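Student: Take this structure first; my questions come after.
The values are calculated or read from the model by the stated rules, or taken from the named source; none is laboratory data. Predicted, not measured: the structure shown is a model, and the values here were computed from it. Don't worry about glycine lacking a Cβ; one is built from the backbone with ideal geometry, like all the others, and counts go over all protein chains shown. Note: accessible area is taken over every heavy atom of the protein model, side chains too, but ligands, DNA and RNA are not part of it. Shrake-Rupley method; radii C 1.70, N 1.55, O 1.52, S 1.80 Å.
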Amino acid sequence: MLKKGVFLKSVGDIDRLTECYPIEIAVVGRSNVGKSSLINFLCGNNKLAKVGKEPGKTRLINYFGIDSNRFVLVDLPGYGFAKVSDAEKIKWGRLIETYLQRSVGLKHVFVLLDVRRDPSEEDKQMLNYLYYYRIPFTLIATKCDKISRSEQSKRRQAIASELGVGVDNVYLCSAQSRQGADEICKRIEDVIV
Ligand SMILES: Nc1nc2c(ncn2[C@@H]2O[C@H](COP(=O)(O)OP(=O)(O)O)[C@@H](O)[C@H]2O)c(=O)[nH]1
Ligand SMILES: [Mg+2]
């Protein structure tokens with residue numbers, strides 16, 4: 001588990017994306033995939049990031065300092081929420097892209113995917129951004145408690161091949177059963193050095 005997480009700030013406007021922390025790891029993925037739950041579960045604090053009952057409501061970039069700001073986890077607003085207007089989608093896209101461009105402290109991105117679903121076009125678009133800006137990433141398949149272990153390994157293979165990455169780059173996790181916590185924490189230590 002990670003040492004003490006503290007909420008630092010929320011940013012909703014590009015104009016306010018002017019400063020970044022020395023070491024950031026961002027968490028991205030569609031609305032409701034489990035971004036906030038992952039941050040809470042890694043920090044052992046269920047009240048840290050708001051777990052959304054209304055998907056798509058979190059339109060802000062939320063920063064959480066871990067272990068006295070040794071590094072910062074950045075909860076990015078989710079994509080793929082059908083009820084959001086086109087204007088909001090454009091705003092979302094600009095906010096995310098500006099974040100990726102400007103955050104010189106960004107070391108790594110965790111791209112979350114629901115283990116039961118095939119990656120969407122938006123997931124693929126996100127990976128294209130990351131390749132384009134040369135930002136290293138790891139895929140995390142969430143909600144693994146919903147399916148059996150044998151099903152999990154099949155889904156892991158399927159997600160990896162659909163996205164053209166090695167199976168080792170897909171981590172399995174569950175905020176509910178706490179599966180995958182140690183591997184993800186180890187991954188964090190490896191990417192922040
Ligand atoms: N069963 C199960 N539910 C989860 C898991 N992670 C998140 N959820 C649920 O999925 C919903 C969305 O989670 P949230 O963390 O708010 O997703 P976000 O929109 O990506 O931040 C909530 O109802 C969570 O309780 C998980 O690992 N297992
Ligand atoms: Mg959230």
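Student: With runs of 4+ DSSP H residues as the only contributors, calculate the mean residue ellipticity of the chain at 222 nm using -39,500 (n - 2.57) per run, divided by the residue total and rounded to the nearest 500.
Tutor: -10500 deg cm²/dmol
Student: Please give, to one decimal in nm, the separation of the simple spin-label points placed at Cys20 and Gln101, each 7 Å out from Cα toward the Cβ.
Tutor: 1.3
Student: I would also like to ask the following. Which residues' amide hydrogens lie under 5 Å from the amide hydrogen of Ile140, considering only partners 5 or more residues apart or on another chain, with H built in the peptide plane?
Tutor: Val111, Leu112, Leu113, Tyr171
Student: Here is a further query. Rounded to the nearest Å, what's the spacing between the alpha carbon centres of the range 145-193 and the range 64-109? Just the number, please.
Tutor: Taking the Cα centre of each part, the range 145-193 and the range 64-109 sit 21 Å apart.
Student: Please sort by residue number the GluC sites (Glu not before Pro) in the range 1-107 whose DSSP state is loop and whose Cβ has at most 12 other Cβ atoms within 10 Å.
Tutor: Passing sites in the range 1-107 are Glu19.
Student: In the chain, which longest range has no trypsin sites (Lys or Arg not before Pro) that are both DSSP loop (not H, G, I, E or B) and surrounded by at most 16 other Cβ atoms within 10 Å?
Tutor: 135-177
Student: To continue, here is another question. Check which residues have an amide H placed less than 5 Å from Gln179's amide H, if you skip close sequence neighbours.
Tutor: Ser174
Student: Once amide H atoms are placed 1.01 Å from N in the peptide plane, what residues at a sequence separation of 5 or more from Leu8, or on another chain, have their amide H within under 5 Å of its amide H?
Tutor: Tyr63, Phe64, Gly65
Student: Need the list of lysines near Lys3 for cross-linking: C-alpha distance under 17 angstrom, and skip anything on the same chain fewer than eight residues off.
Tutor: Those lysines meeting the cut-off are Lys47, Lys186.
Student: I'd like to check one number: the per residue accessible area of the range 86-193, probe 1.4 Å, reported in Å² as a whole number.
Tutor: 54
Student: Also: When the Karplus curve 6.51 cos²θ - 1.76 cosθ + 1.60 is applied with θ = phi - 60°, which whole-Hz ³J(HN,Hα) does each residue of the range 98-108 get, with x for Gly and Pro?
Tutor: Ordered by residue, 3J(HN,Hα) equals 5, 4, 5, 5, 8, 7, 5, x, 6, 9, 6 Hz.
Student: Starting at the first residue of the range 165-176, write each ³J(HN,Hα) from the Karplus equation 6.51 cos²θ - 1.76 cosθ + 1.60 with θ = phi - 60°, in whole Hz, x for Gly and Pro.
Tutor: Here the 3J(HN,Hα) series is 10, x, 5, 5, 8, 10, 9, 9, 8, 8, 6, 7 Hz.
Student: Additional query: Give me the number: length gained by fully extending Lys3 to Ser120, i.e. 0.36 nm times residue separation minus the C-alpha to C-alpha distance, one decimal in nm.
Tutor: Here the segment from Lys3 to Ser120 would lengthen by 38.8 nm.
Student: Could you tell me which chymotrypsin sites (Phe, Trp or Tyr not before Pro) in the range 117-185 are loop residues by DSSP with no more than 13 other beta carbons within 10 angstrom of their beta carbon? Mind showing how you got there, number by number?
Tutor: Working: sites: Tyr129, Tyr131, Tyr132, Tyr133, Phe137, Tyr171; in loops: Tyr133.
Taking the range 117-185 and a limit of 13 other Cβ atoms within 10 Å, the loop chymotrypsin sites (Phe, Trp or Tyr not before Pro) found are Tyr133.
Student: Within the range 5-192, what whole-number % of the accessible surface is contributed by carbon and sulfur, with the 1.4 Å probe and all protein chains included in the calculation? Could the numbers behind the result be given before it?
Tutor: On the way: 4430 of 9410 Å².
After summing per-atom areas, the C and S share lands at 47 percent.
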